[in-house]
Each structure stands twice: as C-alpha cells, then as structure tokens.
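The values are calculated or read from the model by the stated rules, or taken from the named source; none is laboratory data. Since the model is a prediction, treat every value here as computed from it, not as a measurement. Here the Cβ positions follow ideal geometry from the backbone for every residue, glycine too, while neighbour counts run over all protein chains shown. Please note that ligands, DNA and RNA were not included when accessible areas were found on the heavy atoms of the full protein model with its side chains. Shrake-Rupley method; radii C 1.70, N 1.55, O 1.52, S 1.80 Å.
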Amino acid sequence: MWSLKTAQRAIIVAGCLAMIYTQLTLSPATIEFARSLGATGLHIGILGALPTLMLFMQFVAAVLANHLQHRRWVWFSFCIVQRLVLIPVAVGPWLFPELSSLTLLWGLIFLTAINHALIHFTTPLWLSWMGDYLPHQGLNRYWGIRQLWMYWSGALSLLGGAFFLAESGLNIQQGFAVLICLGGVFGLIDILIFLKVDEPLVTKVKDPKLKEVLLTPFYDKNFRSFISFTCFWHFAAMLGAPFISYYLLDYIGMDVFRLLLLWTCSWIGGALLSKRLGSMAEHFGNRPMLILCTAFKSTNMLGLLLLPRDPTIAFWIMVPVFILDSLLNAGIAIANNGFMLKNSPAENRTMFIAAGTAVAGMVGGLTSIAAGVFLVLSSGWNFPLLGFDFNNFHILFTISLLMRLVAAVLARTVREPESHWTAQVVVQLVGVTPFRILRFPVGLYRSFRSDEDPDQALKAKRKRKRRASSAKNKKS
C-alpha cells in the first residue's frame, strides 16, 4: 500500500480521471443525443432528475456498511459495472438498428438511471472510506486542492470533446458513442488507482437496529439543520438547473460546440479559486462558505432570463455568468463535503453522509420531474412582459431565482458552532476594511496576496513579528 502522502496525491489524480469520465459521459452532448432521438421537456426533466432522484441508493449503502469490515471490494466491484453501463446505449444504434428512436431514448433513460443508482450506492462508501483515512486537520484545504485539479481536468476534457464533435465530421450519435467509450477507459483507470490506497476497518454501530441507524443523523441538531437547508436548496436549484442546456440548445439556438465551450469556461471558474476556497472553509468553517456562495447562486438564472435570442451574443453573455456560477459551485461542494466529513462520527458515518445528500437529492429529483412535466404541458406559452417575450422556460427560471434567494436566507440556519462570521470571509476574500480602502490599490493587492492561504498569512505575520522583535533586541 502507498504511504499517506503518496495516496493523497493518487486520490487527486484519480479525481481528475473521474472528472474526465464524468464530463465525457454526462456532458451537454447527452442532451443533444437525446434530442436527436426525439426527446421532449419531459424526457430532459427525467434525465435531469436522475442524478438526484437515485440518491436513495446511498441509504442502501449506509445500511450495508454496518455489516462490512472493509468497503473496498464492494465499492470496487460496483464501480467497475458503473463505468461501463452506458456503453450499450451509446453503441445501440449500430448494434440494434431495428430499434426505434423512442426505444433507444427510453433505453438511455433506463441505463442512465442504473448509472446514477450505482454512483450513489458507491459514493457514501467512498466518502466514509476517505473520512476514516484522510486526516481531518487540513481536510478542507486538501479538498480545495483536489477540486482545483478536478476542475481543470473537467475544463480540458470538455474542450477536447467540443473540438472532437466539431471537427471529426461525425454526427451526434456517432460522436457520442466515441465519447462514452473513451470516458469509460478513463473511469476504469480511476477505480484501479484505489487498489493501492489503504483502508481502515469500518467502525460499526454496536448492535445496529435499522430504525436507529436510519434516524441517528436526524437526532443531531447540527446535522439536522444541514439536511433541512440542503433539501430546500435542491428544490430551488432543480427548478431551473436541469433545463439550462436544453434551453440554450432548443430556444436560444446555440450549437453543441458553443455549449460545450460554455461549460468548459464554467469549470475554469471553479479551478481558479478552489484552492483558496478550501483554505477559507478550513480557516473560517463550512457554514459561512455555504451562506456566501448560496447568496449569489441566483445570478445564472438572472443571466438566462435576460438573454437575447442570438446564439453568439448569448454565448459571450453567459461566459462570465458560468464562470461565476462554477466558482460558487466549488465553494458549496467544498463546504458540503467538509461539513459532512467533519460533523459525522466514525461509527455510522456512511449513514450521516447518505442523510446529508440523499434526502435533499430526492427532493431535487422530484422537483426536476415536476418541472419537466410543466414544460410539456405549457409548451407554446409565450407572452410579452416588460419588452421581453416570456415563455415556459422563463417561468421556471424566475421561480428558481426567487427560491434561490430564499435559500440564501435559510443557509443562515445551518448550525456549526465553531464556524466564524460570514463577514470575516468576505473581508478575507475582498480585503474590504477601512484601512485597506485608504491604502487602495496597494491594500487591495496585499489582501489578495496574503489571503491565498489564511494559515500561511498568519505564519508570515508571526514571522515578521519575530524578526521585528529580534531586530529591536539587537539594537538594545
């Protein structure tokens, strides 16, 4: 087995490979592939719901974990199947040319459901493994560094996929098949890396009773507040998020190449500040990071509402919007993982992780399906409002925007006693203090240099004090 330091590096590499797999197999190209098979808003809503609707599988994994000594081989076996499950639907049009487009479309939905069921079955096993294995001191900072490299990997893989689809001369069905098969290769390598990562024994609940195992996370006041917030947040987000690519393709008229470039830009946003956000969450706590990032998550809905129906102009408007949104997603992901791993006990950790994600995910999944049904039933709606042509997409985006603003207020109800005030995070990020304003722009520049890592900044400050004290002693 690798040493801890080597394993930490390997886990980052594996995360990058997993991101390449994810972006090649679950990119916006999937939406265009579904549209080529005749998908409607209902089908897109179902596809958008599956990543969260299948989260109930995390509870299955959590119950199973209390009957295991090691998670490795269960996790490994199911992950191998999961990495290969989408290949049949990608090559389906060639293997089964007699099948209708509708049959292939429902085949895509069915295998995508299995794919996400397996992902969510294995996720709490892996997270609890990492929670037991990785040191909790500096965990958020490490998670931020991992997120940084994963986001760059996601950006590069999407960029490669965009140019491949644009320059290969293949139609979307042929190109999609190549991306799925290539992604499967990267996904398998990702899983194989963990054969050399050590795994502590599972800390089991003594005499586990199913009801007690399931309900323990909800008895914890701090964790219950986190679950309540994430449930509402998923409801607010999934009113609009699953239909962004569909809206840009179907209503705005953007082509797949520009859409993939847009999502590439979004990953760059997360990569730019992931390391710094991880350090912030480590230093100030997860709660203020959740509050701050959620407060600005309505900007992408606002951008979509104001888009002109011109693919070129829409692309350039949405580039900075997507970059900001990805940055916020990075902060939320770091804070969520940090909160769950640091606020869950070693025994029954898998169930705490499942409760922290699965309940909210199922709420989000049902919301996505309901929103998809609304799109189908309201097809053709169009009415002028304040100089804009509003349709059924705009109605969903407006409601989602309002609910996201409400979620930003509810984020303050998350309980994390050891966390700092959100204002301290804002000051650390922007450097806005009275003295720094007077020293602008020198103060602002220094704030960005010193705030890259709060702990390093504190060490540097102490070092300067020691030097000043030493110089004073020498003079005296």
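For the reader, a short list of remarks on this structure follows.
- Overall, the accessible surface of segment 289-350 at a probe of 1.4 angstrom is composed of carbon and sulfur to the extent of 70 percent.
- ³J(HN,Hα), Karplus 6.51/-1.76/1.60, whole Hz, each residue of segment 319-335, x for Gly, Pro: 4, x, 5, 5, 4, 4, 5, 5, 4, 5, 4, 4, x, 5, 5, 5, 5
- Only Lys, Arg (+1) and Asp, Glu (-1) charged, at Cβ; segment 290-393 dipole about Cα centre in debye: 220
- Checking the Cα-Cα distances for Lys275/Lys297; Lys196/Lys342; Lys221/Lys275 against a 28 Å cut-off, the pairs over it are Lys221/Lys275.
- Residue-wise HN-Hα couplings along segment 110-116, as the Karplus relation 6.51 cos²θ - 1.76 cosθ + 1.60 with θ = phi - 60° gives them from phi, are 5, 6, 5, 5, 4, 4, 6 Hz; Gly and Pro carry x.
- Label positions at Leu95 and Ile80, each projected 7 Å from the Cα along the C-beta direction, are separated by 1.8 nm.
- Per residue solvent-accessible surface (Å²) - segment 120-175, probe of 1.4 Å: 37
- Along the axis of the charge dipole computed for segment 92-209 (Cβ charges of +1 for Lys and Arg, -1 for Asp and Glu, origin at the Cα centre), the listed residues Trp106, Phe121, Leu201 are led at the positive end by Leu201.
- Per-residue HN-Hα couplings for segment 175-186 [Karplus 6.51, -1.76, 1.60; θ = phi - 60°; Hz; x = Gly/Pro]: x, 4, 4, 5, 4, 5, 5, 5, x, x, 5, 4
- Semi-axes of the equivalent ellipsoid for segment 1-143, Cα gyration tensor, largest first, Å: 33, 16, 14
- Leading residue at positive end of dipole, segment 225-380 (Cβ point charges), from Ala370, Leu292, Tyr247: Leu292
- P(r) for segment 306-366, from all Cα pairs and a bin width of 5 Å, is 4, 15, 14, 15, 14, 11, 10, 7, 5, 3, 1 %, short bins first.
- Share of carbon and sulfur in the accessible area of segment 152-283 stands at 65%, probe radius 1.4 Å.
- Between segment 265-281 and segment 306-365, the alpha-carbon center distance in angstrom: 13
- Projected-area mean, segment 99-207, by convex hull of Cα positions, square nanometres: 10.6
- Amide H contacts of Phe96 (H built 1.01 Å from N, under 5 Å, at least 5 apart or other chain): none
- Net +/- balance of residues flanking Val319 in space, Cβ distance below 14 Å, scoring K and R +1, D and E -1: 0
- Mean accessible surface per residue for segment 231-288, computed with a 1.4 Å probe while every protein chain stays in place, in Å²: 26
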